[in-house]
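The structure appears below as structure tokens.
The values are calculated or read from the model by the stated rules, or taken from the named source; none is laboratory data. The structure displayed is predicted, hence computed values, not measured ones. Cβ atoms come from the backbone with ideal geometry, glycine included; neighbour counts cover every protein chain shown.
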Amino acid sequence: MKKIIVAIDGNSGCGKSSTAKALAKALKFIYIDTGAMYRAVTLFFIKHRIDLKNESDVKEALKQIDISFKYNTTTCNNETYLNGRNVENQIRKMEVSDLVSAVSEISQVRTQLVNQQRKLGESKSLVMDGRDIGTVVFPNADLKIFMTADLKVRALRRQKELMDKNVSVDLKDIEENLANRDRIDSTRKDSPLKKAEGAHEIDTSRLTFEEQVDQILQLIRHEIEPA
Ligand code: DC
């Protein structure tokens, strides 16, 4: 079968990851959450107190970082490993969320992660989500999606997600964090978040989860030529 790349970009908390995960499952493709990779780098930087403004410290730190994914058959989730340790829960914490956009502005970080992301797409069909997948990582992806949703809707969804994990966070703090990340992600110099050429825009504010997954599955059926 032909190797297929589905690229999904969009704002923080618009449902990219859960949608991409469901698509990958339905299509039997690998799912790669590139936000998790930026989060893992951020966690390492926090733990090792790396000064984000010190280029040589950042360069040295990046040499010590190995990120991988392992599928957990119990949670049905491709979990993130940093230097061999499962960090899936740690990278979702607010201290990481608060710093991750600043870390992902650093070009050295982006170069290293983009190279790894392209390697992951060399051999297998995959669904990859992030901010620059359709614009930078795979500009020739077979299908590009740009997902959006109202800020309030995104904050409520994120709060529910955290509550399901027994983490209680004030709605206002979540809204602030999302708005702040939107601003940094879409105005940064290197690979800002924007709709890729040829991407299909899907506003999920008023869609159910099943509807948004279904819309993309239909696009895949219509847009991608079978080999
Ligand atoms: O998808 P997420 O919210 O877990 O992503 C966390 C941060 O990582 C997000 O604020 C911006 C950054 N990111 C990025 O710059 N490029 C990507 N391809 C994926 C994420």
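Key figures
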quantity: Members of region 1-51 that are more than 10 Å from the ligand (Cβ to nearest atom) and among the aromatic types (Phe, Trp, Tyr); calculated: Phe29, Tyr31, Phe44, Phe45
quantity: Failed condition for Leu151, given (1) within 30 Å of Lys53 (Cβ to Cβ); (2) within 13 Å of the ligand (Cβ to nearest atom); calculated: (2)
quantity: Unique residue being of a type in the set (Lys, Arg) and within 20 Å of the chain's Cα centre (by Cα) when the list is Arg183, Arg221; calculated: Arg183
quantity: Of all residues making up region 41-69, the number that are in a loop (DSSP other than H, G, I, E, B) and either at negative phi or modelled with pLDDT under 95 (or both); calculated: 9
quantity: Test: residue in region 84-93 that is within 25 Å of Pro139 (Cβ to Cβ), in contact with a helix residue (DSSP H, G or I) (Cβ under 7 Å, 6 or more places away or on another chain) and crowded, with 17+ Cβ neighbours inside 10 Å; calculated: no
quantity: Check on Ser107, within 15 Å of the ligand (Cβ to nearest atom) and surrounded by fewer than 16 Cβ atoms within 10 Å (Cβ to Cβ); calculated: yes
